[in-house]
Structure formats: C-alpha cells, structure tokens
Amino acid sequence: MHKPIRKIILVGFRATGKTSVGRLLAEHLGVEFLDMDRVLTERHGKISQVVAEHGWDFFRARERELLKELVDLQEGVIATGGGAVLHREIWPAMRESGLVVWLTSTLELICQRLGSDPASDSQRPSLTGRDIRAETATVLTEREPLYRAAAHLTVASNRPVAEVAGEIEELLRQDAGPEGNVSRSTTINQRVR
Ligand code: S3P
C-alpha cells in the first residue's frame, strides 16, 4: 500500500523561503514544523556567536548531529539551514525519511532578501568574508549541484509563499493519488523543473 508523504525536508540556499514556506506547509498538512536554525540557536546560542567563538567546523558538527536526529522523525516539515546539504553522508537517510524539496531563487532576490532580513545578522555569519553579492554568487554556484543531487524535486520559490507551498501540496496530492504506488522517486523526479 502506498503511504502518503507526511514528512518534507526543505533544502536550499539562504533566504530562499524555507522557513516561511515550511511553516505554512506544516500548518496545511497538520504536522509539526521544525526550523533547524532555530533549534541550533536554542541549543547553542546565536549562530553568529557560535561561529565567532568556535568556528564553522564546530557549527557544522552541531548541524550534522541535529540533521541525524531529524531524519528519525516520522512526520513533519523541516526547514534545513542552507549548508545542511554539505553533509552528504546523510543524504540517503534524508531521502529515505521524507520528500526532499529544493527551493530555488534568483541571485538578485537572494541578495535582496539577505540584505533586508533582520535575522541575517544573528543567523547568517559570512561564509567567505566577501561582500554579500560576491559570496552568494560563489557559494550558490558551488552548492547548486549538491541541492540538485540531494533533493527529490525542485520548486521555484521566487513567488508568493502560499503559491510555493500550494505547489508542493499539489505534488503531494498527485503522489498520493491513483498513480501513487509508483515509487516516490520515479513519480516525483518526473516533475523536476
Ligand atoms: C548557512 C545558512 C543559515 C545557517 C548558517 C549556515 C549556510 O541558514 O544555518 O548561517 O551555510 O548557508 P538559512 O539557510 O536558514 O539562512
């Protein structure tokens, strides 16, 4: 019997709407919403301070621990941090545990959002020491192949949050429909755009 998907893992670069889309999606699906950055902040303090005091390797280790815990959840919507996809060894467990959705956006919009989001200062310390635009262009190019390979499907997020969440819900409905007994990866990967 095909089981409807009740676990969604959102991946994607900084400021691509993982938190706002995830929150809405969880509300619509009636499941718990978990934001990795938020949990990490509750556990270890502000990300900017953690990185300033202990460095990126320490942060990545804490992130890896949390991601491993979250793949064990039966259901829920998880907004990962933009760098969670660096933990390649966890991709198989992530993909097995739920539907992994890559939220994409444009360089322009990401830079605009990074500059205007008040959470950026505490949540998004510089990854390279370069200015926002140069850093985003470089890191995005490095990470795009990782997001693509880790995710079951890709959804453009440079539009209203409700539309993005609605598209993901529609894909879930189709997967749970009469054809839903086709394996998850087959059904969903055909829809990648
Ligand atoms: C990071 C993205 C951030 C946060 C941390 C590292 C990254 O999450 O986890 O600053 O490496 O891109 P958001 O994607 O929620 O901004």
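In the chain, the portion of solvent-accessible area held by carbon and sulfur atoms comes to 50 percent [1.4 Å probe, whole percent, DNA, RNA and ligands not counted]. Note on Arg113 and Arg130: the model spin-label points, each 7 Å out from Cα along the C-beta direction, lie 2.1 nm apart.
For Val11, the solvent-accessible surface computed with a 1.4 Å probe is close to 0 Å², ligands and nucleic acids excluded.
Helix 132-150 and the long axis of the chain differ in direction by around 30°, with both axes built from C-alpha atoms.
If I stretch the segment between Ser122 and Glu144 completely, what's the gain in nm (0.36 nm per residue apart, minus their alpha carbon distance), one decimal? Could the numbers behind the result be given before it?
Values: separation 22, 0.36 × 22 = 7.92 nm, distance 2.43 nm.
The Ser122-Glu144 span can extend by a further 5.5 nm.
The base-10 log of I(q)/I(0) for the chain, evaluated at q = 0.19 Å⁻¹, reads -1.43 [Debye formula, identical scatterers on Cα atoms, solvent excluded]. Only Lys, Arg, Asp and Glu carry charge here, each on its Cβ (+1 for the first two, -1 for the last two); on that basis the chain has a dipole of about 260 debye about its Cα centre. Once the C-beta distance of Leu73 and His28 is scaled by a Förster radius of 22 Å, the resulting FRET efficiency is 0.80 to the nearest 0.05. Look at the alpha carbon pairs under 8 Å that are at least 6 residues apart: their mean separation over the length of region 37-100 gives a relative contact order of 29 percent.
The trypsin sites (Lys or Arg not before Pro) found in region 87-181 that occupy coil by DSSP, while having at most 14 further C-beta atoms within 10 Å, are Arg130.
Take the chain, mark every one of the GluC sites (Glu not before Pro) that falls in a DSSP loop and has at most 16 other Cβ within 10 Å, then report the longest stretch left between them, sites excluded. Don't skip to the answer; put the middle values down first.
Numbers: sites that count: Glu32, Glu75.
My reading of the result: 76-193 is the longest stretch.
When only Cα pairs below 8 angstrom with a gap of at least 6 residues are kept, the chain shows a relative contact order of 32 percent.
The values are calculated or read from the model by the stated rules, or taken from the named source; none is laboratory data. None of the values given here were measured: they were computed from a predicted structure. No Cβ is skipped: glycine too gets one built from the backbone with ideal geometry, and neighbour counts run over all protein chains shown. These area figures cover heavy atoms from the full protein model, side chains too; ligands, DNA and RNA do not enter into them. Shrake-Rupley method; radii C 1.70, N 1.55, O 1.52, S 1.80 Å.
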